[in-house]
Amino acid sequence: MSKRDKIELKELESLPEALDGNHRVIPIVTGEDDTVEEVAVPEILPVLTLRSSVLFPGAITPVTVGRSRSMTLVRDTNARNGMLAAVLQRDGDVEEPKAEDMYRIGTAARIMKILEMPNGNLTVILNGLEKVEIGEYVSSDPYLQARVTPLKDSTPDEKNVEFNALVDSIRDVALNIINISPNMPKEAIFAIKNIDSRRGIINFICTNLELSDEDRQSLLEAPGLLARARKLLEILIRDQQLIELKNEIQEKVKQEIDKQQRDYYLQQQMRTIQDELGDGADAELDEMREKAKQKNWPKEVAELFEKELQKLERLNPAVAEYSVQVTYLQLLLELPWNDCTKDNLDLKQAREQLDHDHFGLEEVKERLLEHLAVIKLKGDLKSPILCLYGPPGVGKTSLGKSVAAALGRKFGRIALGGLHDEAEIRGHRRTYIGAMPGRIVQTIKRCGSSNPVIILDEVDKISVSNHGDPSSALLEVLDPEQNTTFHDNYLDTEYDLSKVLFIATANNVGNINPALRDRMEMINIPGYILEDKIQIALHHLLPKQREAHGIKEQELILTPQIVEQIIAGYTRESGVRSLDKHIAKLARSRAKQIASEEAFAPELGAKEVEKILGKPKFLNEEYEVGGIVGVVTGLAWTEVGGDILYIESVLTPGKGRLSLTGNLGDVMKESATIAFEWVKAHCTELGIDPEKFEKYDLNIHVPEGAIPKDGPSAGITMVTSIVSTYTGRKVRDRIAMTGETTLRGRVTPVGGIKEKILAAKRAGITTLLLSEENRKDIEEIKPDYIKGLTFHYVRTNDDVLQLALEPQAQQ
């Protein structure tokens with residue numbers, strides 16, 4: 001050992017006693033030139049396993065020893081010749097490494113000094129002597145010992161131009177890294193400048209450079225100093241470029257930044273480094289790309305996805321746009337596109353399913369079966385847009401589930417009641433915060449197929465606001481000629497809706513946008529007659545409520561007579577929703593009796609029903625105004641079905657004025673005025689003294705003034721009431737009428753005929769007067785609905801008066 005080595009070793013003795021291995025110690029390199037001291041390496045050496053440090057020949061380095069058998073090795077070796085083999089283990093987490101866990105190349109080293117640490121560990125100062133190859137392990141207890149073969153690092157001749165150039169480049173690049181890196185100690189500059197040995201400068205930089213254990217080991221295993229220098233220069237240049245890139249990024253963001261900006265900066269650094277190293281693959285992006293390969297979607301959608309995915313790869317995960325882009329790509333992946341469920345083409349089975357779930361509704365069932373038959377024959381058909389309209393509670397919405405079950409399709413429902421934003425249909429543009437696709441696309445995504453049955457509920461209750469007209473946005477959705485290329489603003493590409501079976505529901509057709517109504521196939525679902533309601537209650541509502549309340553079939557029994565009592569006394573509706581609620585109340589009462597272990601009869605009686613439901617609410621529903629002068633029964637259509645309407649008129653002394661009461665709308669007021677003027681114009685033919693129009697005022701009243709009433713249907717009813725009042729002729733018993741009148745006395749048709757007929761039948765009316773032009777409406781009604789009713793079709797007011805009033809006036 002040279003004189004200089006001895007001086008440096010004396011300096012080691014002044015190391016502080018608190019040295020614990022966490023402090024970095026600049027190794028001391030022996031040798032002032034490239035000459036290598038000849039060292040006699042024993043054939044067998046104890047092997048000191050290093051977790052994360054590589055010892056190079058010619059370097060003196062402190063190593064922390066904490067494992068018990070490693071400390072035993074150090075103490076035994078120090079007591080003998082002080083020579084051992086320092087070898088890196090492949091996995092630093094292995095506590096008891098075996099022969100297969102070790103690298104094959106290590107360094108023979110001599111123990112220079114041992115320092116006892118306060119925590120019980122040892123810090124050993126090792127002097128690297130010679131690179132060795134580990135051969136056969138001859139012992140593992142109490143520590144590893146192995147046969148070693150010295151491997152001398154060949155040193156190129158001093159005149160080797162390539163080697164000298166490599167050493168100079170290594171020195172320059174290392175000095176530059178220290179200068180541009182804020183974390184490197186500047187004292188290292190003097191150490192590098194003062195090392196004259198080519199061998200020493202290479203091993204010094206190999207020891208101090210911040211590298212992975214694998215890179216350090218590869219430098220140690222390099223065959224000779226020339227190969228080690230080449231590899232070292234390559235690593236130094238890479239680190240230099242990374243540090244320069246890092247400094248460039250720091251310059252761009254050199255400003256006071258908050259936490260969010262700081263996170264962005266760190267993410268940008270990491271991504272840039274990954275890109276430079278070619279390691280920028282993101283697990284989430286790779287997963288998306290794999291899913292895209294399995295998607296059955298159009299070619300243009302695949303191209304759009306790849307384009308948007310490449311855009312995502314260029315974004316930083318910390319920016320807000322990144323999450324927006326990820327959400328968009330996930331939507332593209334989750335949409336079914338060309339994925340469709342197979343239709344059940346068994347018409348008999350489909351019919352059984354529809355009949356099982358719903359009573360009646362023959363027209364709807366036939367229409368759906370026709371659609372299914374065409375698909376079976378042709379193999380494909382643009383789905384029709386059906387609109388089921390009628391009063392509440394008749395089964396319009398629940399019919400959608402039955403249709404989906406019959407066809408074997410997925411089912412979705414979109415509630416349109418109160419919708420006022422066009423973006424709810426077409427979706428929001430992705431430039432807006434909180435943007436999302438429209439309800440159509442969202443529902444298809446939830447269904448998981450491109451041919452579901454979708455119910456557009458309450459299409460007549462869409463409202464218009466400053467956010468656009470949603471009903472106009474539905475035009476593209478519900479037009480079979482356009483919805484093959486439906487454009488959602490969020491999706492920003494075309495989606496084929498032609499395979500979707502849309503079924504819209506509405507109560508009042510008049511509130512639907514005319515253009516929208518024109519694109520749909522309108523199917524009327526009127527109210528149910530008494531017999532229908534009894535069957536629905538016994539075969540659908542009662543079993544459903546039994547199941548909902550945990551009641552067995554034999555524990556709650558209702559007879560047809562009891563159900564009829566409930567319908568007549570507690571419900572006045574076209575549908576069965578209120579009836580369902582009353583049956584649920586009976587079921588709750590029975591469930592309480594069962595839970596309380598009370599004695600009860602399974603079959604409910606009339607008295608027990610009245611005790612549970614209370615006194616009947618509609619005792620006077622029956623028609624009861626026959627034979628009264630001036631009181632006529634009209635028929636009206638409401639959103640909850642048909643209803644009877646009494647119109648009364650009376651004369652009072654005055655000057656011939658007309659007054660109207662009963663919360664009437666403008667159209668109904670006009671009908672009253674037209675009726676009054678027609679009667680005045682034909683007073684002679686009607687047997688009315690013209691002086692009465694000058695001496696008396698006429699008041700027309702429609703009872704239940706709290707309920708708004710409007711429409712032209714009461715025209716002929718008002719004419720009959722006015723004539724009856726002026727002439728004193730009584731109105732025939734159990735007769736009702738509906739129709740609009742003109743100033744010429746012509747009777748014109750009105751709508752809602754089926755609902756009005758059901759209302760008349762519920763009230764016990766037997767004779768109905770209708771416009772001749774409404775005859776076709778009656779012919780379309782099932783015979784069961786009109787059984788027991790007599791219809792008279794009229795063309796003029798004279799025909800009405802002849803049928804409605806008794807022939808002789810009562811003075």
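The values are calculated or read from the model by the stated rules, or taken from the named source; none is laboratory data. Keep in mind it's a predicted model, so treat the numbers as computed, not measured. Using ideal geometry, Cβ is built from the backbone for each residue, glycine included, and neighbour counts are taken over all protein chains shown.
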Practice task
Would you confirm whether any residue within region 504-517 is of a type outside the set (Asp, Glu), farther than 30 Å from Ala759 by Cβ and without any contact (Cβ under 8 Å) to a residue 12 or more places away in the chain?
Solution key: no
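With over 30 Å from Gly642 (Cα atoms) and in contact (Cβ under 8 Å) with a residue 24 or more places away in the chain as the only criterion, which of Leu361, Leu372, Leu419, Leu354 stands out?
On the way: Leu361 fails: over 30 Å from Gly642 (Cα atoms); Leu419 fails: over 30 Å from Gly642 (Cα atoms); Leu354 fails: over 30 Å from Gly642 (Cα atoms).
From the options Leu361, Leu372, Leu419, Leu354, the qualifying one is Leu372.
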Practice task
Give the residue that is modelled with the lowest pLDDT, with candidates limited to residues of region 753-811 that are charged (D, E, K, R) and under 18 Å from Val723 (Cβ atoms).
Solution key: Glu806
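Looking at the structure I just gave you, is Ile134 in a strand (DSSP E or B), touching a Leu at 6+ places or on another chain (Cβ under 7 Å) and aliphatic (A, V, I, L, M)?
Numbers: in a strand (DSSP E or B): yes; touching a Leu at 6+ places or on another chain (Cβ under 7 Å): no; aliphatic (A, V, I, L, M): yes.
Against the criterion (in a strand (DSSP E or B), touching a Leu at 6+ places or on another chain (Cβ under 7 Å) and aliphatic (A, V, I, L, M)), Ile134 does not qualify.
Return the residues of region 211-228 that are in contact with a helix residue (DSSP H, G or I) (Cβ under 8 Å, 6 or more places away or on another chain) and closer than 25 Å to Val63 by Cα; say none if nothing qualifies.
Filtering region 211-228 down to residues in contact with a helix residue (DSSP H, G or I) (Cβ under 8 Å, 6 or more places away or on another chain) leaves 211, 215-216, 218-220, 222, 225-226, 228.
Leu211, Asp215, Arg216, Ser218, Leu219, Leu220, Ala222, Leu225, Arg228 - these are the residues of region 211-228 that are in contact with a helix residue (DSSP H, G or I) (Cβ under 8 Å, 6 or more places away or on another chain) and closer than 25 Å to Val63 by Cα.
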Fill in the blank from the handout: Those residues of region 557-578 which are assigned to a helix (DSSP H, G or I), closer than 17 Å to Pro543 by Cα and under 44 Å from the mean Cα position of the chain (by Cα) amount to Val563, Ile566, Arg577, Ser578
Practice task
Starting from region 470-487, take each residue that is of a type in the set (Phe, Trp, Tyr) and list its partners that are in a loop (DSSP other than H, G, I, E, B) and modelled with pLDDT of 75 or more, counting only C-beta distances under 7 angstrom and pairs at least six apart or across chains.
Solution key: Phe486/Leu497
Handout entry: Index of the failed condition, Gly400 passing every other in (1) assigned to a helix (DSSP H, G or I); (2) free of Cβ contacts under 8 Å to residues at least 40 places away in the same chain
Key = (2)
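Of all the helices (runs of 4 or more DSSP H) wholly in region 625-741, which have at least 1 residues that are closer than 16 Å to Leu770 by Cα and out of contact with any Leu (no Cβ under 7 Å at 6 or more places or on another chain)?
Details: elements: 666-681, 683-686, 692-695, 715-727.
Answer list for region 625-741: 715-727.
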Problem - Residue check for Ile765: in a loop (DSSP other than H, G, I, E, B), in contact (Cβ under 8 Å) with a residue 24 or more places away in the chain and under 22 Å from Ser671 (Cβ atoms) - result: yes
Completion exercise
With criteria (1) part of a loop (DSSP other than H, G, I, E, B); (2) in contact with a Phe, Trp or Tyr (Cβ under 7 Å, 6 or more places away or on another chain); (3) closer than 30 Å to Glu366 by Cα, Ala435 comes up short on (3)
Exercise for the section: Would you mind listing the strands (runs of 3 or more DSSP E) fully within region 1-120 where at least 1 residues are farther than 30 Å from Ala191 by Cα, at pLDDT 85 or above and not assigned by TED's automatic domain parsing to the domain that holds Ser218? Expected result: 44-50
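Considering only residues that are over 57 Å from the mean Cα position of the chain (by Cα) and closer than 20 Å to Gly662 by Cα, look in region 678-713 and name the one that is surrounded by the fewest Cβ atoms within 10 Å (Cβ to Cβ).
Narrowing region 678-713 to residues over 57 Å from the mean Cα position of the chain (by Cα): 678-699.
Next, only the ones that are closer than 20 Å to Gly662 by Cα stay: 697-699.
On the way: Asp697: 15, Leu698: 25, Asn699: 17.
Among those residues, the one meeting the criterion is Asp697.
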Exercise for the section: Inspect region 382-396 for any residue being over 21 Å from Arg519 (Cβ atoms), out of contact with any Ser or Thr (no Cβ under 7 Å at 6 or more places or on another chain) and outside any loop (DSSP other than H, G, I, E, B) and give the result as yes or no. Expected result: no
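Can you say whether Asp357 is of a type in the set (Asp, Glu) and surrounded by 15 or more Cβ atoms within 10 Å (Cβ to Cβ), as far as the supplied structure shows? Before you say what the answer is, go through the steps one by one.
Details: of a type in the set (Asp, Glu): yes; surrounded by 15 or more Cβ atoms within 10 Å (Cβ to Cβ): yes.
Taking the combined requirement at face value, the residue satisfies it.
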